[in-house]
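Novice: I'd like to ask some things about the structure below.
Values in this text are rule-based calculations from the coordinates and carry no lab data. Please read all numbers here as calculations on a predicted model, not as lab measurements. Here the Cβ is made from the backbone with ideal geometry for all residues, glycine too, and neighbour counts use every protein chain on show.
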Amino acid sequence: MDEDYVRELVGYCAEASMKMVDFYTDAGMDIIAVVELLDKLPDKRNVIISPGCDMPYDVALENTIACSQAVKNTEQIREMIRDYAGPDLSGIEVALPDYENPPRPLIEVLTLDSE
């Protein structure tokens, strides 16, 4: 096994993962995020674009198809979204738990069918 190759591959995977985290945090899994992510990656060989376990419940199938098309037809999608202006979300307030200093152990549970 070539240790230098493995180090280079792991480094590349870590770099790509961190860029994906940034984009998923900022934009979520959508075609704009996919196009911007592809633009940021210097080497797109062996890259897999996938929502993984971060895909929110009840995402429209069309969104998943659109992300697939953004990978396959990046230039066409880039032109399609060029003048897109998203909704103003500045008035939305979200209260997040204080993950750094929880008053007691915090257990979050996600179930697919909680009825």
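Novice: Take residue 8 and residue 48, extend 7 Å from each Cα along the Cα→Cβ direction, and tell me the distance between the two endpoints in nm.
Specialist: 2.2
Novice: If neighbour count is taken as other Cβ atoms inside 10 Å, put 90, 50, 17 in order from fewest to most.
Specialist: Neighbour counts put them in this order, fewest first: 90, 17, 50.
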